[in-house]
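Undergrad: Below you'll find the structure I mean.
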Amino acid sequence: MSSKPQKNLRRVDAVTSRYYVGIDLGTTNSSVAYIDRLSEEGPTAIKTFMVPQLSSPGVIEKFDLLPSFFYFPAGFELAEGAINLPWKESCDYAVGKFAREHGAVVPGRMISSVKSWLCNGRVDRQKKILPWNKDNNMAGFSPLEVTSYYIEHIKSAWNQEMSGGDPDYFLENQQIILTVPASFDESARELTVKAAHMAGLENVTLLEEPQAAFYYWIYKNKVDWNKKLNDGDVILICDVGGGTTDFTLIHAVKNGDDYLELKRVAVGDHILLGGDNMDMAIAHHIEKTRMAGKAKLDALSWTSLCMKCRSLKEALLTPGADADGSVSIAGRGKSVVGTTMKFTLTRDEISKIIIEGFLNEVDFGSIDKKISSAAGLRESGLPYAEDPSITNQLAKFLKRHVKDIARDSAKKFVRPDKILYNGGVFKSEAIRSRATELVSGWLSGAEGGFTVLDNADYDLSVSLGAAYYAYTKSGSG
């Protein structure tokens, strides 16, 4: 299915490239940002690439996010040409919004959370093991090839929209920064690069996502960022996305009279814990409280319910959203087959599930003890974190790296001066406030406390920061 790389590749470097491109391959959503060196708005104006994609059969729309979902329809399922793209006729699969929405209805032919599979060392990530719970007559796909399909879609969409037919402006001929979790091991990083090569992108540089988000903060504060940080400041980047929880510590050290040097001093372990787990916890809550006495859902209905819970969670936790919402799924399990089930949840109910299950009270005297999981996770083939407490994971991280910060080496844990929240989970003000409240409790009595750095865009900061990093490689940033 993958198209062959373009034959007219040229050598790319940061000086000759017209576009400086940042690509965030997210667990839930992917995005692309760029700086046009020839833009009339100036060489540092970062723009988001609006990605053309199927929104429904036969309909192409442009969105700032490309949902990281893959759908492989049955031969009889859709009308001929329904999922064709402007740059590719006779498509036999779809990625993006349509794949996500239709896959929630027919989950046995949909693949999601590919990024989590790409870093799953317990399986062969180059074998056709997905979907994990698939329809019997569906072909299998490997995490590696599905990742390449996402990148290929981005590349082809860019070439259609941005190049004007000039190969010099094809995506494969630009300076590209591709982001990965800071905790990705070497195998996962190599597979990410391999997926890019399979899609025809030979010139890619990897950048860790928390650092990309921090680069975007620097960009947004480029006039006075070094005045907002102090000599000796420890910056904690807390990045919780759809699939992973990523922690990074950056130390600001004065180098000369006015210049602050930023050093990354610590990165957390790979923790498969994020928005996906929260969706499963909400689905488990529905089973427990709304389906009491009924048989449990089968694997496909469960997947569909989790997908619907994701949409409901995002809708209700958005500022100004309604106080409640509902999800509906078709029953498939024993005793519920042939029925349509509708469940209503309130915003407060969802907030409580997330806060009690993932942002619970912890103290440094008990962080090494196992706590019972409130997430209600089911076997899915992915090695999710045994401890679902994000705050517990953060406390362990700060304790583990205390000797990396000289001023804190005699204390129990690292005391951050600045915190930058990133990732889709922190779009919720309630979740950010809860995390801030917990860390404030840990730092009670510490001089000066800490400051929360403003994140201008929790969805797009990684790709925007990656584009700015690509620009800095030209020597201009």
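Undergrad: Check which residues have an amide H placed less than 5 Å from Ser30's amide H, if you skip close sequence neighbours.
TA: Leu66, Ser68
Undergrad: Send over a whole-number figure in Å² for the accessible area per residue of region 239-364, probe 1.4 Å.
TA: 44 Å²
Undergrad: Over region 394-477, average the accessible area per residue using a 1.4 Å probe and give it in Å², no decimals. Provide the component values of the computation, followed by the final result.
TA: Working: 3570 Å² over 84 residues.
For region 394-477, the per-residue accessible area is 43 Å².
Undergrad: Shifting gears a bit: Note down the magnitude of the dipole of region 118-164 about its Cα centre, charges +1 on Lys and Arg C-beta and -1 on Asp and Glu C-beta and zero elsewhere, to the nearest 20 debye. Write down the numbers at each step before the final one.
TA: Details: 6 positive and 5 negative charges, 51 e Å.
Approximately 240 debye in magnitude.
Undergrad: Mind checking the full-extension length gain between Lys411 and Asp298? Use 0.36 nm per residue of separation minus the Cα-Cα distance, one decimal, nm. Intermediate values should be presented prior to the final figure.
TA: Numbers: separation 113, 0.36 × 113 = 40.68 nm, distance 4.95 nm.
Net length gain for the segment: 35.7 nm.
Undergrad: A follow-up question, please. Sequence gap at least 6, Cα distance under 8 Å: using those rules, report the relative contact order of the chain to the nearest whole percent.
TA: 18 percent
Undergrad: Assuming 0.36 nm per residue, please report the length gained on full extension of the stretch Trp225 to Lys127 beyond their Cα-Cα distance. Working shown, then result.
TA: Values: separation 98, 0.36 × 98 = 35.28 nm, distance 4.60 nm.
The span from Trp225 to Lys127 would gain 30.7 nm if fully extended.
Undergrad: What does the charge count around Ala266 come to, taking other residues whose C-beta lies under 13 Å from its C-beta (Lys +1, Arg +1, Asp -1, Glu -1)? Show your work: numbers first, answer last.
TA: Numbers: positive: Lys263, Arg264, Lys396, Lys399, Arg400, Lys403; negative: Glu208, Asp246, Asp269, Asp404, Asp408.
Overall, the nearby charge balance is +1.
Undergrad: May I ask you to list the trypsin sites (Lys or Arg not before Pro) in region 148-255 that are in a DSSP loop and have at most 14 other Cβ atoms within 10 Å of their Cβ?
TA: Working: sites: Lys155, Arg189, Lys194, Lys220, Lys222, Lys227, Lys228, Lys254; in loops: Lys222.
Listed in order of number, the matching sites are Lys222.
Undergrad: With a Förster radius of 45 Å, plug the Cβ-Cβ distance of Phe76 and Thr16 into 1/(1 + (r/R0)^6) and report the FRET value to the nearest 0.05. Write down the numbers at each step before the final one.
TA: Details: r = 49 Å, r/R0 = 1.10.
E(calc), rounded to 0.05, equals 0.35.
Undergrad: How big is the shadow of the Cα convex hull of the chain, averaged over all directions, in nm²?
TA: On the way: hull surface 94.8 nm².
Average projection, Cα convex hull of the chain: 23.7 nm².
Undergrad: I need the helices of the chain that pass two filters: whole DSSP H segments spanning 24 Å or more by Cα along the axis, and mean Kyte-Doolittle score no lower than 0.0. Don't skip to the answer; put the middle values down first.
TA: Details: long enough: 143-162 (28 Å, -0.56); 299-316 (25 Å, 0.33).
Going by DSSP H runs, the hits are 299-316.
Undergrad: Given a 1.4 Å probe and every protein chain left where it sits, what share in percent of the accessible area of the chain is carbon and sulfur? Provide the component values of the computation, followed by the final result.
TA: Working: 9470 of 20270 Å².
Whole-percent figure for carbon plus sulfur exposure: 47.
Undergrad: Relative contact order of region 83-233: what whole-number percent is it, with Cα pairs under 8 angstrom and at least 6 residues apart?
TA: For region 83-233, the relative contact order is 18 percent.
Undergrad: Once you have the Cα-Cα distance between Ser366 and Ile60, take 0.36 nm times their residue separation minus that, and quote the gain in nm to one decimal. Kindly include the intermediate steps, with their values, before the conclusion.
TA: Values: separation 306, 0.36 × 306 = 110.16 nm, distance 5.21 nm.
Contour length minus the Cα-Cα distance gives 105.0 nm.
The values are calculated or read from the model by the stated rules, or taken from the named source; none is laboratory data. Because the structure is predicted, anything quoted here is derived from the model rather than measured. Every residue, glycine among them, receives a Cβ derived from its backbone with ideal geometry; neighbour counts consider all protein chains shown. For accessibility, only protein heavy atoms count, side chains too; no ligands or nucleic acids. Shrake-Rupley method; radii C 1.70, N 1.55, O 1.52, S 1.80 Å.
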